[in-house]
Amino acid sequence: MSLYARRVTLPAITPLVLQKRVIKVFSEDGTSRALEVPNDTTARNVCQLLIQKNHYVDDQNWTMFEQLSTLCLERIIEDHELVIDVQSKWDMEEDCRFCFRKYYAKYEFFKNPEDYFPDLMLSYSNEVNGTAKSLDTLKTFLSTTTYPEVHSYLYMSEKGKKSWKKQFFVLRRSGLYYSTKGTSKDPRHLQFFSDLSQNNIYMLLSARKMYGAPTDYGFCLKVLPARQTLIKMCCGLLA
């Protein structure tokens with residue numbers, strides 16, 4: 001047969017974005033549901049899908065969580081995050097799962113930001129210090145020019161250590177720092193703690209029992225370098 005007389009049929013190639021994966025989502029009662037979703041599916045998309053399938057009322061409180069049961073950690077998956085990306089970063093040795101339930105404080109920061117960052121925790125740059133009182137708190141945080149510093153005392157610890165130290169922390173655009181000398185913000189006394197843009201922030205589900213924390217209210221900064229998982233934890237002070 002002539003080479004030019006042959007007809008070759010190639011299989012259709014599905015664009016990577018449209019390829020589908022299966023995720024399993026757990027409800028509060030422990031039951032789970034498997035969903036086949038495209039690679040570009042966001043957490044908000046999954047919420048909408050489950051609301052429709054279960055005939056729930058969409059009151060803006062339904063939320064997707066990422067839960068690391070072995071480590072007793074949990075975090076809210078933000079609406080824009082791609083669930084397949086989240087799942088791809090899971091460690092096979094950890095018990096990781098998606099959870100779907102209501103969380104009434106999901107958008108609370110955007111409604112009442114002053115409750116999360118009272119004036120005593122904020123410091124403004126000299127350029128806006130005189131007008132800070134007139135600026136809306138939320139707009140100030142979202143601004144590219146007037147971003148305030150957030151400072152407070154926290155207890156800190158690292159994975160593998162049982163001790164917790166009370167330190168004065170400062171949150172800046174460049175990262176989270178703690179002072180090695182009281183409440184000093186002098187660059188000589190600020191020790192870098194973590195770059196929040198390179199971390200996922202989780203809530204501690206069993207702070208005292210699992211990690212020997214001094215309070216029940218803590219969060220974890222979970223870094224994912226190439227070969228190991230680095231965990232740094234902080235707990236708020238008791239009122």
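The values are calculated or read from the model by the stated rules, or taken from the named source; none is laboratory data. Keep in mind that what you see is a predicted model, and the values were worked out from it rather than measured. Neighbour counts are summed over all protein chains in view; Cβ atoms, including those assigned to glycine, are modelled from backbone coordinates with ideal geometry. Surface accessibility is based on the protein's heavy atoms, side chains included, excluding ligands, DNA and RNA. Shrake-Rupley method; radii C 1.70, N 1.55, O 1.52, S 1.80 Å.
Could you tell me whether segment 73-90 includes any residue that is at pLDDT 85 or above, in contact with a helix residue (DSSP H, G or I) (Cβ under 9 Å, 6 or more places away or on another chain) and of a type in the set (Ser, Thr, Tyr)?
So far as segment 73-90 goes, no, none of its residues is at pLDDT 85 or above, in contact with a helix residue (DSSP H, G or I) (Cβ under 9 Å, 6 or more places away or on another chain) and of a type in the set (Ser, Thr, Tyr).
Search segment 94-109 for residues that are acidic (Asp, Glu) and pair each with any residue that is open to solvent by less than 50 Å² (accessible area, probe 1.4 Å) and assigned to a loop (DSSP other than H, G, I, E, B) when their beta-carbon atoms are under 9 Å apart and the residues are at least 6 apart or on different chains.
Final answer for the pair search is 94/229.
Conditions (1) crowded, with 18+ Cβ neighbours inside 10 Å; (2) modelled with pLDDT under 85; (3) among the aromatic types (Phe, Trp, Tyr), marked per residue:
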{"residue": "157", "(1), (2), (3)": "yes, no, no"}
{"residue": "177", "(1), (2), (3)": "yes, no, yes"}
{"residue": "185", "(1), (2), (3)": "no, no, no"}
{"residue": "202", "(1), (2), (3)": "yes, no, yes"}
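Look through 113, 118 and report the one residue that is touching a helix residue (DSSP H, G or I) at 6+ places or on another chain (Cβ under 8 Å), modelled with pLDDT under 90 and open to solvent by less than 50 Å² (accessible area, probe 1.4 Å).
Exactly one residue qualifies, and that residue is 113.
Search segment 187-200 for residues being in contact with a Phe, Trp or Tyr (Cβ under 7 Å, 6 or more places away or on another chain) and open to solvent by less than 70 Å² (accessible area, probe 1.4 Å), and hand back the single one that is farthest from residue 86 (Cα to Cα).
Step by step, filter segment 187-200, then rank; the result is 190.
Would you be able to tell me the number of residues in segment 58-71 that are surrounded by 13 or more Cβ atoms within 10 Å (Cβ to Cβ) and farther than 18 Å from residue 29 by Cα?
Count: 1.
Quick check on segment 159-175: of everything there that is open to solvent by 30 Å² or more (accessible area, probe 1.4 Å) and within 27 Å of residue 106 (Cα to Cα), which residue is modelled with the highest pLDDT?
171
Does residue 139 satisfy the condition of being under 27 Å from residue 78 (Cα atoms), of a type in the set (D, E, K, R) and at pLDDT below 90?
yes
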